[in-house]
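*Asks:* One structure, as structure tokens, below. Some questions next.
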Amino acid sequence: MTVDLDEPPTTAPARPRARRRWLFALLIVVLLGQMAAAMVVTAVQQTPTIDEPVYVGAAVTYVQQHSLRYNPEHPPLGKLIMAAGLVFAQPELDPAYRGNQTALGRHVLYRAGNDPYELMFAARLPMIILTLLFGLVVFAFARDLAGPTGGLLALALYAFSPDVIAHGSLATLDVPAAGFLLTAVWLLWRARGRPLLYLPLAGVALGAALATRMSVLPAVPVLVLLAFLAVKRLRGVAAAAGFAAIAVAVVWVVYLVVDPTLRFLTPTGMPVVEGLRGLVVDLMPFPEPYRDGMRIQFGFEEFERSGFLFGRRYEGSLWYYLPAAMLVKTPLGLLVLWAAGAAAMLTVPRLRIAALYLLLPSAVLFAVAMTGARDFGTRYAIFLPLFLAVGAAAVPALRWRWAHLTAAALALFVAVSSVRTFPYYLPYSNEAFGGPSQTHLRLHDSNVDWGQDLGRLADRLRERYPGQPVWLVYKGAGLPAEYGITAANPLKVPPGDVHGLLVVSDSAVAKATGRLKTLLSTSGEPVDEVGHSISIYRRP
């Protein structure tokens, strides 16, 4: 064998490709690294939000007592993931403790001898890691759809989404359920080429979504249809059936992991679900605790609650609440890229099939969420920043000479808007609505004030107002005294007796009635605010 020394190396053309791969890998690390830093800082600084102690308490009982009696309205998988972090904190809980799930959460955090900061971070850390892994799914799905550049665009939109950062840093169930669902859809997309490999994996991912949060149930028929389309002709029926069966099996396995005997007593006061809803629940091939959870969720939908939107308090729910809240809390660049991505998928022939995978599930879930009775926040549509980030990868495919440059500029606008709100991601609103400091004027609850700033309030009172009398109306799950806050309840005395600092959660301000409304009307403008979620007034 002879070698021609004058012949150029055959590996030379591969070098630019290798450099590009390394560059893309570096950009992925940078994007996910900044997202990780933002979520970790947020998780460390925030005290428990309203839902988190309940989930933490249930997670502890799963591990220590193998009991399903707490928080039956939500399946166990998300809380089991939290438990993977909690076991390292070794939480204490008396097996003889009895109380409702709200009392259990507070007991575990504040009464059982545990460190609430350590426990909350231990529960949040697995969720942060999971959120970062879902970022890789976003990149991979978008790369399959529109190439590596589209993958980077989608990942950037995901990694800088204030809603994803805010809820991905909490020990809650919204982001995990949406992430597992997106993973299932991505695997179904890949199953068109290799169904034997990807259909079973997609079934596992859908099962994980169903075992995390029941709100993904309306998307199941869409995903079964996609499984059918992945395999042609009559085999598609078998493929769809097998896909659904795997998802159901995963739900059963998750419940059996918590309690292999499924010793579950139906909670007292279980809502009676009649009509078509009741029939659907009875026919579901899930464990009885899961179906009882569905009954509880349907019961929640029967409650009439008060809401707050654009400065107006109202009773009941508004069908347009969620679109309006998304308009306020989504970065302007994201709104444009989401719309452009949807347009690209509908108008570019080779991308139209992607609309079935990205737009149809999103539309179904969003329509169902709009008809719900709980006007609590954009977290009920947290799937949109995931699915539509992938869809935005299609924007460069538009036949417009400035498409690439415009997409990059809008992504940069999103990044700047996100970084400017650090570390106050929960109360984020975009520039058109005044930014995070103005969100409380238009929205309430988990859009802005979910009880996350009790620790920051304690620091503020200690640093700026030492020794001054404090009157507190706090909306949250934390216990003020555990953070060194000594305060009285202004709603238990006549307004004329309230002197000093009046500290009120902004959700309570938004929906104030009766005595609190009188107090606020005679307290002037706030003299300070904490975390864009708590207002401080001074009463002479």
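The values are calculated or read from the model by the stated rules, or taken from the named source; none is laboratory data. Worth saying up front: this structure is predicted, and the values here are computed from it rather than measured. Glycine also receives a Cβ, built like all others from the backbone with ideal geometry; neighbour counts cover every protein chain displayed. With ligands, DNA and RNA removed, areas are computed over all heavy atoms of the protein, side chains included. Shrake-Rupley method; radii C 1.70, N 1.55, O 1.52, S 1.80 Å.
*Asks:* Would it be correct to say that Tyr424 is farther than 19 Å from Leu309 by Cα, touching a residue at least 40 places away in the same chain (Cβ under 8 Å) and aromatic (Phe, Trp, Tyr)?
*Replies:* yes
*Asks:* Go through (1) surrounded by 17 or more Cβ atoms within 10 Å (Cβ to Cβ); (2) touching a Ser or Thr at 6+ places or on another chain (Cβ under 9 Å); (3) at pLDDT 95 or above one by one and return the number of the condition Leu68 breaks.
*Replies:* (3)
*Asks:* Residue by residue through region 161-193, note down the ones that are open to solvent by 10 Å² or more (accessible area, probe 1.4 Å) and of a type in the set (Val, Ile, Thr).
*Replies:* Thr183
*Asks:* Which one of these is polar (S, T, N, Q) and more than 20 Å from Arg143 (Cα to Cα): Thr347, Thr378?
*Replies:* From the options Thr347, Thr378, the qualifying one is Thr378.
*Asks:* Could you pull out the residue among Ala177, Ala171, Ala219, Ala238 that is over 17 Å from Thr131 (Cα atoms) and in contact (Cβ under 8 Å) with a residue 40 or more places away in the chain?
*Replies:* Within the list Ala177, Ala171, Ala219, Ala238, the selection yields Ala219.
*Asks:* Would you mind stating whether Gly278 is in contact with a His (Cβ under 7 Å, 6 or more places away or on another chain), under 30 Å from Gly316 (Cβ atoms) and in a helix (DSSP H, G or I)? Don't jump to the end; show me each part of the working.
*Replies:* Values: in contact with a His (Cβ under 7 Å, 6 or more places away or on another chain): no; under 30 Å from Gly316 (Cβ atoms): yes; in a helix (DSSP H, G or I): yes.
For Gly278, the condition - in contact with a His (Cβ under 7 Å, 6 or more places away or on another chain), under 30 Å from Gly316 (Cβ atoms) and in a helix (DSSP H, G or I) - is not met.
*Asks:* Please verify whether Leu225 is surrounded by fewer than 24 Cβ atoms within 10 Å (Cβ to Cβ) and in a helix (DSSP H, G or I), treating the condition exactly as stated.
*Replies:* So Leu225 fits the description; yes.
*Asks:* Of everything in region 281-335, what is acidic (Asp, Glu) and part of a loop (DSSP other than H, G, I, E, B)? Give them in sequence order.
*Replies:* Across region 281-335, the qualifying residues are Glu301, Glu302, Glu304.
*Asks:* Filter region 127-161 down to the residues that are of a type in the set (Phe, Trp, Tyr) and either farther than 22 Å from Arg20 by Cβ or modelled with pLDDT under 95 (or both) and list them by number.
*Replies:* Matches in region 127-161: Phe134, Phe160.
*Asks:* Here is a check on your reading of the model: is Phe298 at pLDDT below 95 and either small (Gly, Ala, Ser) or within 23 Å of the chain's Cα centre (by Cα) (or both)?
*Replies:* Judged against the criteria, Phe298 is a match.
*Asks:* How many residues are of a type outside the set (A, V, I, L, M, F, W, C), open to solvent by less than 40 Å² (accessible area, probe 1.4 Å) and outside any helix (DSSP H, G or I) when one looks only at region 362-409?
*Replies:* Selection size over region 362-409: 3.
*Asks:* Go through region 447-540 and tell me which helices (runs of 4 or more DSSP H), entirely inside it, have 1 or more residues that are touching a residue at least 24 places away in the same chain (Cβ under 8 Å) and more than 28 Å from Pro331 (Cα to Cα).
*Replies:* In region 447-540, the matching helices (runs of 4 or more DSSP H) lie at 454-464, 514-521.
*Asks:* Could you tell me which residue of region 71-115 is least open to solvent (accessible area, probe 1.4 Å), considering only residues that are polar (S, T, N, Q) and within 22 Å of Met270 (Cα to Cα)?
*Replies:* Filtering region 71-115 for residues that are polar (S, T, N, Q) and within 22 Å of Met270 (Cα to Cα), the one least open to solvent (accessible area, probe 1.4 Å) comes out as Asn71.
*Asks:* Still on this structure, please answer the following. Would you tally the residues in region 462-518 being open to solvent by 80 Å² or more (accessible area, probe 1.4 Å) and at positive phi?
*Replies:* Total satisfying the criteria: 1.
*Asks:* Let me ask you something else. Does Ala36 count as without any contact (Cβ under 8 Å) to a residue 60 or more places away in the chain, open to solvent by 20 Å² or more (accessible area, probe 1.4 Å) and part of a helix (DSSP H, G or I)?
*Replies:* Judged against the criteria, Ala36 is not a match.
*Asks:* Scan region 313-325 for residues that are touching a Leu at 6+ places or on another chain (Cβ under 7 Å) and crowded, with 17+ Cβ neighbours inside 10 Å and jot them down.
*Replies:* Tyr321, Ala325
*Asks:* While we're on this one: Taking Ile129 as meeting all but one of (1) in contact (Cβ under 8 Å) with a residue 60 or more places away in the chain; (2) open to solvent by 10 Å² or more (accessible area, probe 1.4 Å); (3) closer than 30 Å to Ala58 by Cβ, write down the number of the exception.
*Replies:* With (1) in contact (Cβ under 8 Å) with a residue 60 or more places away in the chain; (2) open to solvent by 10 Å² or more (accessible area, probe 1.4 Å); (3) closer than 30 Å to Ala58 by Cβ applied to Ile129, the lone miss is (1).
*Asks:* Could you say whether any residue in region 285-294 is of a type outside the set (D, E, K, R) and either in contact with a Lys or Arg (Cβ under 6 Å, 6 or more places away or on another chain) or open to solvent by 20 Å² or more (accessible area, probe 1.4 Å) (or both)? Even if it seems obvious, please write down each step before you answer.
*Replies:* Start the filter on region 285-294 by keeping residues that are of a type outside the set (D, E, K, R), which leaves 285-287, 289-290, 293-294.
Restricting the remaining residues to those that are either in contact with a Lys or Arg (Cβ under 6 Å, 6 or more places away or on another chain) or open to solvent by 20 Å² or more (accessible area, probe 1.4 Å) (or both) gives 285.
Yes, there is a match, as at least one residue in region 285-294 is of a type outside the set (D, E, K, R) and either in contact with a Lys or Arg (Cβ under 6 Å, 6 or more places away or on another chain) or open to solvent by 20 Å² or more (accessible area, probe 1.4 Å) (or both).
*Asks:* Take Val164 and tell me if it is within 30 Å of Pro218 (Cα to Cα), touching a Ser or Thr at 6+ places or on another chain (Cβ under 6 Å), β-branched (Val, Ile, Thr) and modelled with pLDDT of 95 or more.
*Replies:* Here the answer is no, as Val164 does not meet what is asked.
*Asks:* So which of Ala83, Ala38 ends up being of a type outside the set (Val, Ile, Thr), touching a helix residue (DSSP H, G or I) at 6+ places or on another chain (Cβ under 6 Å) and under 24 Å from Leu210 (Cβ atoms)?
*Replies:* Result: Ala83 is the single residue among Ala83, Ala38 that is of a type outside the set (Val, Ile, Thr), touching a helix residue (DSSP H, G or I) at 6+ places or on another chain (Cβ under 6 Å) and under 24 Å from Leu210 (Cβ atoms).
*Asks:* Pairs please, first residue from region 296-312 and in contact (Cβ under 8 Å) with a residue 40 or more places away in the chain, second anywhere and surrounded by 15 or more Cβ atoms within 10 Å (Cβ to Cβ) and among the aromatic types (Phe, Trp, Tyr), Cβ atoms under 6 Å, 6+ apart in sequence or on different chains.
*Replies:* Hits for this filter: Leu309/Tyr321.
*Asks:* On the basis of being among the β-branched types (Val, Ile, Thr), open to solvent by less than 60 Å² (accessible area, probe 1.4 Å), over 26 Å from the mean Cα position of the chain (by Cα) and at pLDDT below 95, does Val281 make the cut?
*Replies:* no
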